[in-house]
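Read through the structure below, which is laid out as structure tokens, and then see the notes.
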């Protein structure tokens, strides 16, 4: 097969967050198929190009478009068929032209838009040659923005979400209907889409983790350290840290004064950077190897309240042998068993107690981390998810060939 991936962020080997799944899809599919990538890229990411280039038959990188002027943004908001939420960061004619040129040149069997925002370059693109179009939905933007709108109180943030919602549902679901296939990371994500549009053709292709690279390790640190990992360009990660700091951290500190909190990941905004004024909190910014920080933590937390999709960070923590305390939403898609392979807590008091239990109960700590490692080995090694995707694409190829022969 010949497969072109289109990605909203450059999916290099050191990236934290969702794009790591695209890196691994490239890595494993390139062993048996011709694979190419087109992606937006920032200048500071160019040093990572060699980690991806050798997997790709063709690699094209497009700079993020310049920020639109308020006048242009207002004009587009009222006149464009593409919603503001899609245009605000990723509205790019150059990207649309690059994808079309690559398809014209190499006649790919599939173009896979990784993240729904990239679907705009496949949907009703008049210069795109005939090709099977797949949209990989890491998060349904309409559902995520609706959730954020109802979560926020009246004010600037609620107004911002209202602006994002304009035209979003219609465009996003028209785009999914028009695609040849929609992929989700979880069965819950599939069901949420089908509840809005039952006619969608959806396959579940799960997230994964490099179980060899994230090897099970003993805990040797003396510090009582908890860790969170995120890409803070994605607002649900920002909200998770701020929620934890305001609602859970004080409860934890009062009962465990020497506890430490390490916040790992790229682009922490000022409101997160300022948390390092607390001597018990470390904000690292971008790191090249997240494993080093996971190993230093006794407990991994995922206090996510917003957004959707699958949090690969949970699988990485489980693989390396760090028990997880998460909200129900944060662990969406993971087959959880309370206090056996994870601790789930949506209430701040229960969340703090879960961390305390793992800090103080060695038997619980060992049981959860051992069962969690077994889970990721059995269900979430990268090869397993890529095999599922390969089967989906092969089936699409066979069905297309059959229709063509019947037509002849």
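The values are calculated or read from the model by the stated rules, or taken from the named source; none is laboratory data. These numbers come from a predicted model, not from an experiment. Don't worry about glycine lacking a Cβ; one is built from the backbone with ideal geometry, like all the others, and counts go over all protein chains shown.
Screening residue 284 against (1) assigned to a helix (DSSP H, G or I); (2) under 26 Å from residue 11 (Cβ atoms); (3) at pLDDT 95 or above leaves a single unmet condition, (1). Here the condition is being assigned by TED's automatic domain parsing to the domain that holds residue 173, in a loop (DSSP other than H, G, I, E, B) and at negative phi; of 72, 68, 60, it holds for 68 alone.
Taking the residues in the range 303-320 that are part of a loop (DSSP other than H, G, I, E, B) and farther than 22 Å from residue 353 by Cβ as candidates, determine which candidate is modelled with the highest pLDDT.
The qualifying residue modelled with the highest pLDDT is 306.
With respect to the conditions (1) under 21 Å from residue 19 (Cβ atoms); (2) in a helix (DSSP H, G or I); (3) touching a residue at least 40 places away in the same chain (Cβ under 8 Å), residue 300 lacks only one, and its number is (2). For the range 141-160, filtering for residues that are within 20 Å of residue 88 (Cα to Cα) and not in a helix (DSSP H, G or I) leaves 0.
Here is a yes/no grid of residues against (1) over 20 Å from the mean Cα position of the chain (by Cα); (2) surrounded by fewer than 23 Cβ atoms within 10 Å (Cβ to Cβ):
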site: 255; (1), (2): yes, yes
site: 271; (1), (2): yes, yes
site: 278; (1), (2): yes, yes
site: 281; (1), (2): yes, yes
site: 285; (1), (2): no, yes
site: 288; (1), (2): no, yes
site: 307; (1), (2): no, no
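None of 358, 329 is in contact (Cβ under 8 Å) with a residue 12 or more places away in the chain and part of a helix (DSSP H, G or I) except 358. Looking across the range 242-264, just one residue is in contact with a strand residue (DSSP E or B) (Cβ under 6 Å, 6 or more places away or on another chain) and in contact (Cβ under 8 Å) with a residue 60 or more places away in the chain, and that is 264.
Look through the range 190-216, keep the residues that are in a loop (DSSP other than H, G, I, E, B) and at pLDDT below 90, and return whichever of them is surrounded by the fewest Cβ atoms within 10 Å (Cβ to Cβ).
212
Going by what's in this entry, would residue 238 be described as within 24 Å of residue 329 (Cα to Cα), in contact with a helix residue (DSSP H, G or I) (Cβ under 7 Å, 6 or more places away or on another chain) and in contact (Cβ under 8 Å) with a residue 60 or more places away in the chain? Criteria not met by residue 238.
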